[in-house]
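Let me begin by presenting the structure, written as structure tokens, before commenting on it.
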Amino acid sequence: MAWTMMSCKTQNLFVDKSRTQSKTDSIFAYNPNYQHSIRVDDKVNISVWGQEDMSIGSVYGIYNSNEVYGKWLLVDARGEISVPRIGEMKVTGMTVPQLKDTLRTLVGKWVQNPIVDVKIMNKEITLLGEFRNPAVVHVDKDNNSLLEMVAKVGGFEFYADLTKVRVLRNGPDGKVKMAKLDLTASGDIAMVNLQLHPGDVIIAPSKKHKDFDKRISTIIPFASSATAAAILLGAF
């Protein structure tokens with residue numbers, strides 16, 4: 001059975017077609033060990049069990065991590081955060097486990113066997129274009145997939161051009177890389193169902209005839225059948 005993700009009208013995904021899947025940059029290759037690296041402007045929560053004075057937005061407290069109330073540390077332009085008692089820390093490029101291990105070592109100067117937790121609050125993936133509910137989707141985990149994110153926004157709209165889906169990602173060199181996907185082409189599903197990283201942007205463009213269909217739907221109800229036929233023949 002073909003897998004469909006369209007409303008009103010179905011369009012088969014992953015069926016055998018003559019066109020081939022667009023090649024993607026190596027930055028989009030699947031990495032089972034991928035972990036988000038902390039970067040400038042990330043919002044970091046730090047929780048130290050039983051040490052409220054060393055915690056920022058503690059998940060162990062009554063008033064736990066909440067972006068609305070500013071319970072987080074913002075990674076500044078130098079890649080640093082200010083941690084109570086410890087002071088300025090360079091955190092960019094570190095993963096969450098690495099930062100937790102570093103904090104355990106530092107907090108261990110005052111607390112025996114400290115329990116430390118770290119959370120990045122603003123891990124998001126943006127979906128724009130012909131989706132049912134285009135949105136900025138918050139993600140807690142690092143390993144997310146394209147089709148998983150599409151499902152979270154309700155799937156594609158009728159006019160989505162599934163042959164020209166784009167995924168944008170900031171590369172390590174600071175330049176934006178783009179993957180060009182044809183979701184209707186057969187081949188390696190891993191090339192289609194990309195592993196997404198926080199910060200990625202997915203764009204689903206419209207089919208070329210979308211604007212024409214909208215104009216015709218407005219004109220035809222007010223035109224005679226002969227006039228409507230002439231309009232359609234002239235358009236094609």
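Derivation of every value follows stated rules applied to the coordinates shown; laboratory data play no part. It should be emphasised that the depicted structure is a prediction, and the values quoted were computed from it without experimental measurement.
Given 0.36 nm per residue, what is the gain on full extension from Glu148 to Ser206 after removing their alpha carbon distance, in nm?
18.8 nm
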- Query: Cross-link list Lys43/Lys175; Lys141/Lys208; Lys141/Lys177; Lys141/Lys207; Lys152/Lys180: which exceed 31 angstrom alpha carbon to alpha carbon?
  - Reply: Lys141/Lys208; Lys141/Lys207
- Whole-Hz couplings from phi, Karplus 6.51/-1.76/1.60, listed for segment 79-90; x for Gly and Pro: x, 10, 10, 9, 9, x, 6, 7, x, 6, 10, 7
- Task: Quote to one decimal, in nm, the extra length available between Asn31 and Ala77 on full extension: 0.36 nm per residue of separation minus the C-alpha distance between them.
- Result: 13.8 nm
- Report, by chain and number, residues whose modeled amide H sits under 5 Å from the one on Leu196, excluding near sequence neighbours (fewer than 5 apart, same chain). Asn144, Ser145, Leu146
